[in-house]
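These notes concern the structure reproduced below.
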Amino acid sequence: TYLPVAMELAETEMPAAKRNRHTSDRIVLNVGCEKFETTLDTLNNFPESLFNSLASGRHRLDREDDGSIFFDLSPRYFYNIIQYLRNGIRCISLPQSEEARDELLLEANYYSLNCLAARLHKFKLLDSQGSSFTKTDTGSA
């Protein structure tokens with residue numbers, strides 16, 4: 001189960017650029033043998049992220065035979081990651097369990113999604129203090 005998160009956006013939590021689906025190049029990410037299709041524009045939305053480094057061409061990419069880029073990671077939370085890349089923090093659902101949020105935090109750190117990692121770290125601090133989540137904690141009305 002997932003805990004909906006609807007928070008006011010700080011400028012740093014918003015994607016840097018709007019996607020133009022008509023001119024965007026599609027890209028397939030193979031995460032733990034599960035494929036996710038997105039656009040280069042989406043990968044470029046957070047300049048500090050690993051995805052921006054990959055999409056910018058600064059690094060040579062070894063592609064699979066089908067053209068996808070392989071990540072040797074679990075796909076379990078990648079849907080959350082890709083939603084964050086598309087929409088920022090405003091439209092993702094965080095896992096309800098502390099253990100699952102900790103796993104997502106590790107992934108956010110791996111991908112250098114700093115705002116998402118900071119938000120998850122805040123929840124981790126609340127968990128360590130024994131706080132329960134309320135509508136105020138998640139920013140929902």
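Quickly run through the stretch 55-87 and pick out the residues that are among the aliphatic types (A, V, I, L, M) and farther than 19 Å from LEU106 by Cβ. Talk me through it step by step, then tell me what you get.
Just the residues of the stretch 55-87 that are among the aliphatic types (A, V, I, L, M), to begin with: 55, 61, 69, 73, 81-82, 85.
Passing the criteria: ALA55, LEU61, ILE69.
Looking across the stretch 45-75, the residues that are within 13 Å of ASN30 (Cβ to Cβ) and either open to solvent by less than 20 Å² (accessible area, probe 1.4 Å) or in contact (Cβ under 8 Å) with a residue 60 or more places away in the chain (or both) come down to SER68, ILE69, PHE71.
Tell me, which strands (runs of 3 or more DSSP E) lie completely within the stretch 1-83 with 2 or more residues that are more than 24 Å from LEU120 (Cβ to Cβ) and modelled with pLDDT under 90?
Output list is empty.
For the stretch 84-100, which positions are assigned to a helix (DSSP H, G or I), crowded, with 19+ Cβ neighbours inside 10 Å and at pLDDT below 90? Once the filter is applied, which keeps residues that are assigned to a helix (DSSP H, G or I), crowded, with 19+ Cβ neighbours inside 10 Å and at pLDDT below 90, the stretch 84-100 yields GLY88, ILE89. Among residues of the stretch 108-128 that are more than 15 Å from ASN80 (Cβ to Cβ), those with a Cβ under 6 angstrom from a residue that is surrounded by 15 or more Cβ atoms within 10 Å (Cβ to Cβ), sequence gap 6+ or separate chain, pair up as SER112/SER49; SER112/LEU50.
When GLU107 is tested against (1) surrounded by 15 or more Cβ atoms within 10 Å (Cβ to Cβ); (2) out of contact with any strand residue (DSSP E or B) (no Cβ under 9 Å at 6 or more places or on another chain); (3) not in a helix (DSSP H, G or I), only condition (3) is not met.
The values are calculated or read from the model by the stated rules, or taken from the named source; none is laboratory data. Please read all numbers here as calculations on a predicted model, not as lab measurements. With ideal geometry, Cβ positions are generated from the backbone for all residues, glycine too; neighbour counts draw on all protein chains shown. These accessible areas exclude ligands, DNA and RNA; they are computed on the full protein's heavy atoms, side chains included. Shrake-Rupley method; radii C 1.70, N 1.55, O 1.52, S 1.80 Å.
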